[in-house]
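Throughout, read-outs are computed from the coordinates displayed, never taken from laboratory work. Source: prediction; values computed, not measured. Note: ideal-geometry Cβ built from the backbone for every residue, glycine included; neighbour counts use all protein chains shown.
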Amino acid sequence: MDNINTKEYSPESPSMKSRLSWLWSEYSVIIAFIIIFIAASVMNPRFLDINNQLNILMQVSIIGIIALGMTVVMLSGGIDLSVGSVLALAGVISVLALNASGSILIGVFTALLVGAFAGFLNGLMVAKGRIASFIATLGMMAAARSIALYIAEGGSVSGEVSGFTAIANNNVWIFDLPVLIFFAMAVLIYIVMHKTRFGRYVYALGSNEKAAMLSAIRVDRIKIGVYTLIGTLVGVAAVIETSRLNSISSSSSGAQYELDAIAAVIIGGTRMTGGRGKIIGTIFGILILGILNNMMNLMNVSPHLQGFVKGLIIIIAVVFQKRE
Amino acid sequence: MDNINTKEYSPESPSMKSRLSWLWSEYSVIIAFIIIFIAASVMNPRFLDINNQLNILMQVSIIGIIALGMTVVMLSGGIDLSVGSVLALAGVISVLALNASGSILIGVFTALLVGAFAGFLNGLMVAKGRIASFIATLGMMAAARSIALYIAEGGSVSGEVSGFTAIANNNVWIFDLPVLIFFAMAVLIYIVMHKTRFGRYVYALGSNEKAAMLSAIRVDRIKIGVYTLIGTLVGVAAVIETSRLNSISSSSSGAQYELDAIAAVIIGGTRMTGGRGKIIGTIFGILILGILNNMMNLMNVSPHLQGFVKGLIIIIAVVFQKRE
Amino acid sequence: MTSQPFVAMNQIEKSFNGVPVLKKVTLEVEKGEIHALLGENGAGKSTLMNILGGVHQPDSGQIFIEGKQVTMANPHISQTHGISFIHQELNMVGDLKVYENMFLGSEIRNKAGFLNVEEMCRQTREILAELGVFLNPKEYVRNLATSYKQLIEISKALLHKSQLIIMDEPTTSLAEHEVGRLFELMRNLKKSGVSIIYISHKLKEIQAVCDRYTVLRDGQLVKTDDMQSGNLEEITKLMVGKAISQERFVHEHEFGEMALEVERLSSPGLFKDIDFTVRKGQIVGFTGLAGDGRTELFESLFGYRKKYTGTIKVKGKAMKITHPRTALQAGMGYVPKDRKENAIIKDLSVVHNMSLSSMGNFERWGFIQDKRELEKFSNYEKTLNIKVANPRITIDKLSGGNQQKVIIAKWLEADTDILIFDNPTQGIDVGAKQEIYQEILELAKLGKAIIILSSEAPEVLRICHVINVMYHGEITARFMGDETNEEEIMHYATGAKREGEHIG
Amino acid sequence: ACGSTENESSGSTDEGSGDGDMTIGISLPSATHGWMGALIDSAEKQAMELKESEGIDYVMTNAADPNKQANDVDDLIAQGVDVIVMLPIESAALTPVGQKIKDAGIPLVIVDRELENDAATVVVKGDNEGIGVNAGKYFVEQLNGEGKIVEITGPPSSVTEQRGSGFKEAVEGQEGMEIIASQSGDFSTEKSLEVMQNILQANPEIDAVFTQDDGMALGVMQAIKEAGRTDIQFVTGAGGAKGVFEDIQNDGLMKATFLYSPTMVEDAVTIAGDLAQGEEPAESMVVKEATQVTKENVDEYYDPESKF
Ligand SMILES: Nc1ncnc2c1ncn2[C@@H]1O[C@H](COP(=O)(O)OP(=O)(O)OP(=O)(O)O)[C@@H](O)[C@H]1O
Ligand SMILES: Nc1ncnc2c1ncn2[C@@H]1O[C@H](COP(=O)(O)OP(=O)(O)OP(=O)(O)O)[C@@H](O)[C@H]1O
Ligand SMILES: [Mg+2]
Ligand SMILES: [Mg+2]
């Protein structure tokens, strides 16, 4: 038995201690998460309730899926401000398609398609138009919201096909389906980023675009791919959001999702300028935000002061983890 | 005569033609502005009305002042999302101070102080805490709005000192005072950025932070200075905004000002990542936005579609001017 | 009294992440001497200097300036002690103008507190002229060639009227005549009592200008001595543990078929009417001064620049190369110069940098096989003698020379038939240089077509079969490698002489 | 309608009273404009009062979008609150959430915007459509069926939609009445000022201005004052803000506003308190009339201490 154990300590798997210090520097967000988790448990016993835990998971799943895509975009050195608006647009159009066709599959497919197409346009603007991603996606943010409002005449549209709400409201064992979709997406994006050349190229591009290009990487395609990917993920999120409430609002759905998603990515340790960061970090980042929102509801913080508390804790979480 | 003329063509003052091309590459935003201006004149004859022109100037002055500060922040490689919230906070506190003291001077001074202090905190977080400016100012955005809401109990506060409204509602010749304040600030910031070493260091820092540091520049101080500067400018904007209507709303005042300010800066040709850009560009950027808003009202564009039109024109303006 | 050295670094120790890099190193520099600091890549030279310059803090040991102990907490403090530092990696602010870079951190201001632009421009022109450089001080640095950036970096250090100037490989992208001027300047500085610490891997330079030398090896002091008493061979031995020949490589293998034919390649303002051919197994060199257009030429050939005319034939087939990817698919590889900007991805690990251009070699079912990457890397680690403790650390933690070797490994792994090396031995120590030449020769023997761009005439002379000399974007001469010498090359490179082809 | 939930809810109330205290859960949108800010404040004040007088605890949550509000309600249900007060951001979107509350056996008090099913135990609402309709009638009356009208709307939302369509409905019957411009003032005074300035430029002749919110009306009046326009006969608002009342009192350009007071939430919280204590609601629908406030009756409604 001993033998097998020692075998693990080959030169490439360093000692326990250096492993911990590596964990700390690479994944300090996990430690921040654990501390916040413990603090929350102590402050309110209801927090640990299994139902509450499942609620939190459910609550972060939509922004979580978007944050996964945002991680990829930010690793590539860009940003996507349009996610919230595109979610509204994809939701509105997909509900219309759903109602028109009566087919859930078509509804879902439409959402993905609209999201992917909006992302593709963002990618084109960034890659071929050479527009700063901030401004390109700011434009898309305004435009997508505007089209959604126009189509839905400023109001919300509701699904009329029974069974559509099942997507977000079904459970598998104790988990809500959206949570499982989130985890599936997380695993998928993890694999894409760490096990395929696409992911490798994204990191390279975010770190040094010129060197990436001189390494014979088609930087433009990768960029378009990155924005199309987040667009598709936003489409997935739109399906869940629409199905959950069986309706989507052209005016308020998705409002400020970009800020939450970006906050999760940065709390998760991804560098603003790209090239450095981890999918796992983002997952813990989004969990931290979820716990914060949940705790604020549980603790009855004065509504006017919730922003203050949230802002403060985000900053503390980030200060706490920075190591460079 | 000829002689004098040729003397001008020393290697450092290029020919007319190359001068034009230089103008184009450096100040293409001005050309975009001229085109939009002409288009607006053609589309609606009322646009050229002197009162309308003065209105536009008045309308851009508040965001304009903020955008000047945003230019400096973005040149340094940062961003400030908290401007709108800090404006509300500075406004609320200054009205309270104004009413309590009965002194306009104290009111104005308080606004500047609150703005500068919030900026200083942002600067500390970015420089000493090494927090990404996006996240630091996102935290400040939430916190400042929250405190403003808390102080004003979610409502708005009104000035009770006669004479306070004069600040924003007086004219000098045909110009409203806020317009003149905006121009004065523009000249001031121009001088700071191009004639003092502070400005030089801001560019250096935004372009290559490591090189700036190795040149023995105290990078931290410059960063703190940059955020304090924009904070102070936000304080100035808060005074104008409050004085204009003699009241400020803790909930809606300043909402999304950050997006307009950032858009103006980028339309003005400043690079997202810092180091490159011009104050003059920002001024034309803000004028373009002002004309856009004005034209959409003049033409009575459907509110649902305004976002689309605005997003589109911003992107076109940016595509049109990019030259690299 | 006078025997007190200007700077004394005593028993300096430093480690990064638990890996010792400097082990009780002692260095003394007298007033008015030029002191060479020598050693292999990764020996710790730059680290030692970074400690003196306030960039890094030592783990233990003391620094004395004129006998007084000092703490170099940051670059600013170091500067106030009269120390200027020319860093190994260029640290220019590209978005500022030449004069703004020169005076960054020490601007001249008028009485009102505003910047005195005219005075700064005047002084900039003056000091650049001393190095034989005539530039518009208001030009943006980003528009300048690397050699100019390096010269500006040097001038900036001169500007401070320092008592000690640290020069960490200042000549890596300079041409011969520019180096000559720099040496002249250094000798003048020495006369006026300024001390200089000079780091370079070009031993001829060391001999030409240095008074004393200190050799480091694996972070340990090996020897400090006067220059006269040691000859180059001895120093080399101290550095790498064996003697290195400076002889020309002998080529005995046969050339294969035509690999690359370039006809009438032109790009306005960059290069004009370029014709040349490379056969399999042939090593073709291109040399010239800065601004001769050779980098731009090959960047175009490699698809990084797109605005050019003319025909490119790869293995007899005409190709339109519009992207580095197409170039790679056509069988071309390119090791760019200025590795910091163009070659290394500093956030990727050493292994991942190596595999970046040839992901296909490491994939199975579309997924990357980590193990295969590591295995391949350990091969290169041995053959190229790359010094790295753990190949999973990010590449920016490696010494400059080892970074360069990883980049070469990257293109060896891509296994292209044509390999273009732009300044392949920039900042590489003599031992490693030899290894890289050896590797290149092996590749040629395997039938690869090799192109070497270099500003160092001796480099192309040592290894190339054919040498092209460029001047102002044109090929002004072509020699067989064994039928010419440095002097002749210089003639054509400086435009003093211009002729048609020298070989039939 | 709530007969079926009665049994279940009494079950959960028992549990609640088991640990000795009762809790009201409040789910509101976040304070993005003055009216909502005032409403949140009113709700908190009323809840605090209940806490002091009756010992009923409360938990308040705020959300910027329907999904977040659904999350908030999940949290409230998970905490086992005894009654929920909700102002749905979107009626349609929060309807399934209301159902969930009902299924959990928790009484629900809906404020301001109705759900599309019968999940609510009690609805306390203003009359958004009524604001538009009443304002429309007022315009027809004052302008004698003829005139050029400018409309300043809120940001796109169902509230804006209802107020706007009520107004159009009432005005469209009149041949001579025309809405010459309709622009959004985003429920913000500053934005409305700017927008009105521009509209004044575009339209040399305007007879009256309909604004969907009192805060916006203040901005509109400022713009008219600055432009020195005399053609505009009156401006109307909606809500019941102190500043607007004062202008009506002082014979300003504001001639009328239509009540839509944020204090409606106080009633809702009070009713929720009663429900929590197991009382039957007196009525299942409390409609706050969009009462027209003009010079004649303004003193009845004016409260100098009001924050709104
Ligand atoms: N910031 C750092 N973090 C970790 N290791 C470092 C760092 N800087 C340098 N090292 C390591 O320290 C050792 C010495 O590096 P240094 O740059 O001093 O070498 P050098 O003698 O200047 O080599 P070269 O001639 O290639 O420039 C190398 O092994 C390098 O990997
Ligand atoms: N360097 C790259 N940059 C961007 N996209 C790439 C790159 N390489 C491959 N791809 C994408 O993957 C797809 C398949 O690549 P392709 O078949 O061209 O690779 P390949 O030449 O077979 O490479 P290898 O032989 O190394 O596997 C391409 O259509 C392209 O979209
Ligand atoms: Mg070095
Ligand atoms: Mg292949």
Evaluate peptide C:463-470: per residue, the Cβ atoms of other protein chains within 10 Å of its Cβ; return the mean as an integer. 0
Average projected area of the Cα convex hull of chain A, in nm²? 19.7 nm²
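C:D226 to B:T273: FRET efficiency via 1/(1 + (r/R0)^6), r the Cβ-Cβ distance, R0 45 Å, to the nearest 0.05?
Details: r = 50 Å, r/R0 = 1.10.
Taking R0 as 45 Å, the efficiency between C:D226 and B:T273 is 0.35.
Below 8 Å between Cα atoms, with a sequence gap of 6+, how large is the relative contact order for the stretch D:163-299 in percent?
On the way: 174 pairs, mean separation 24.8, N = 137.
That works out to 18 percent.
Excluding the sites themselves, what is the longest stretch of chain A that contains no trypsin sites (Lys or Arg not before Pro) in a DSSP loop with at most 14 other C-beta atoms within 10 Å? Walk me through the numbers on the way to the answer.
Working: sites that count: A:K128, A:R130, A:K322, A:R323.
That would be A:131-321.
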Using Cβ contacts closer than 10 Å as the measure, can you line up C:V93, A:V73 from fewest to most? C:V93, A:V73
D:Q249 versus D:E305, label points 7 Å from Cα toward the beta carbon: distance in nm? 1.5 nm
Non-local Lys pairs in the stretch B:50-323, i.e. 8 or more apart or on different chains, that have alpha carbons under 30 Å apart: 16
Show the residues, 5+ positions off or on another chain, whose built amide H is closer than 5 Å to the amide H of D:I206. none
For a distance above 23 Å, tell me the whole-number percent of Cα pairs in the stretch C:202-327 that qualify. 55 percent
Read phi for every residue in the stretch B:145-159 and hand back ³J(HN,Hα) as whole Hz from Karplus 6.51 cos²θ - 1.76 cosθ + 1.60, θ = phi - 60°, with x for Gly and Pro. 4, 4, 5, 4, 4, 5, 5, 8, 6, x, x, 10, 10, 10, x
Give me the one-decimal nm value for the distance between modelled label points at C:Q329 and C:D273, 7 Å along each residue's Cα-to-Cβ direction. 3.4 nm
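Tell me the trypsin sites (Lys or Arg not before Pro) within the stretch D:103-203 that lie in a loop according to DSSP and have at most 12 other beta-carbon atoms within 10 Å. Mind dumping the intermediate values first?
Values: sites: D:R113, D:K125, D:K137, D:K148, D:R163, D:K168, D:K191; in loops: D:R113.
Those that pass, being in a loop and sparsely packed, number zero.
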Below 8 Å between Cα atoms, with a sequence gap of 6+, how large is the relative contact order for chain B in percent? 32 percent
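Return the average number of partner chain Cβ atoms within 10 angstrom of each residue Cβ along peptide A:154-167.
Details: counts 13, 9, 10, 2, 7, 1, 0, 0, 0, 0, 0, 1, 0, 0.
Mean number of neighbouring Cβ atoms from other chains: 3.
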With viscosity set to 0.692 mPa s and temperature to 37 °C, compute the Stokes-Einstein D of the stretch D:203-245, Rh being the Kirkwood radius across alpha carbon pairs; µm²/s, no decimals. 310 µm²/s
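How high is the FRET efficiency from B:V42 to B:F198, r the C-beta distance, R0 35 Å, rounded to 0.05? Before the final figure, lay out the partial values.
Working: r = 43 Å, r/R0 = 1.23.
For R0 = 35 Å, the calculated efficiency reads 0.20.
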With a 10 Å Cβ neighbour count serving as the proxy for reagent exposure, in which order, fewest first, do D:M86, A:M70, A:M43, D:M221 appear? A:M43, D:M221, D:M86, A:M70
Using each residue's phi in the stretch C:411-418, evaluate 6.51 cos²θ - 1.76 cosθ + 1.60 at θ = phi - 60° and report the 3J(HN,Hα) Karplus result to the nearest Hz, with x for Gly and Pro. 7, 5, 5, 5, 6, 8, 6, 10
Size of the dipole of chain C about the Cα centre, Lys and Arg at +1 and Asp and Glu at -1 on the beta carbon, nothing else charged, in debye to 20? 1080 debye
Taking 0.36 nm per residue of separation between C:T383 and C:E486 and subtracting their Cα-Cα distance, the length gained on full extension comes to 34.0 nm
Range in chain A, longest, excluding exposed chymotrypsin sites (Phe, Trp or Tyr not before Pro) [loop by DSSP; at most 13 other beta-carbon atoms within 10 Å]: A:10-172
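Exactly which trypsin sites (Lys or Arg not before Pro) in the stretch C:129-198 are in a DSSP loop and have at most 15 other Cβ atoms within 10 Å?
C:K138, C:K161
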Per residue of A:141-152, what is the mean number of Cβ atoms on other protein chains within 10 angstrom of that residue's Cβ? 6
When C:L453, B:L305 are ranked with the fewest other C-beta atoms within 10 Å first, the list becomes B:L305, C:L453
If exposed GluC sites (Glu not before Pro) are those in a DSSP loop with at most 12 other Cβ within 10 Å, what is the longest stretch of chain C that has none? C:1-246
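What is the ratio of the Cα radius of gyration of the stretch C:7-240 to 2.2 N^0.38 Å, with N the residue count, to two decimals? Can you show the working numbers first?
Values: Rg = 17.9 Å, N = 234, 2.2 N^0.38 = 17.5 Å.
The reported ratio for this selection is 1.02.
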Along the stretch A:76-88, Karplus-curve 3J(HN,Hα) (6.51, -1.76, 1.60; θ = phi - 60°) to the nearest Hz, with x for Gly and Pro, reads 7, x, x, 8, 10, 8, 8, 4, x, 5, 5, 4, 4
Report the dimensions of the stretch C:1-64 along its three principal axes from the alpha-carbon atoms, largest first, rounded to Å. 40, 23, 18
Rg and Dmax in Å for the stretch A:26-118, alpha carbons only: what are they? 18.2, 51
If amide H atoms are modeled at 1.01 Å from N in the peptide plane, then the residues at a separation of 5 or more from A:G268, or on another chain, having amide H under 5 Å from its own are A:G285
Given points 7 Å out from each Cα along the Cα-Cβ axis, report the A:V172 to C:F134 separation in nanometres with one decimal. 7.5 nm
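Volume per residue, Å³, of the convex hull around the alpha-carbon atoms of the protein assembly as shown? List each step's numbers first, then the result.
On the way: hull volume 317.4 nm³, N = 1460.
Considering the Cα atoms of the protein assembly as shown, their hull volume per residue is 217 Å³.
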Of all DSSP beta bridges located in the protein assembly as shown, what percent are antiparallel, nearest 5? 40 percent
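What FRET efficiency comes out for A:V319 versus C:R305 if R0 is 45 angstrom and r is the Cβ-Cβ distance? Round to the nearest 0.05.
Details: r = 44 Å, r/R0 = 0.99.
Working from the Cβ atoms, E equals 0.50.
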One would report the antiparallel percent of DSSP beta bridges in chain C, rounded to the nearest 5, as 55 percent
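Any idea what the relative contact order of chain C is, in percent, if you count C-alpha pairs under 8 Å spaced at least 6 apart? Numbers along the way, then the final one.
On the way: 1014 pairs, mean separation 76.3, N = 504.
About 15 percent, as a whole number.
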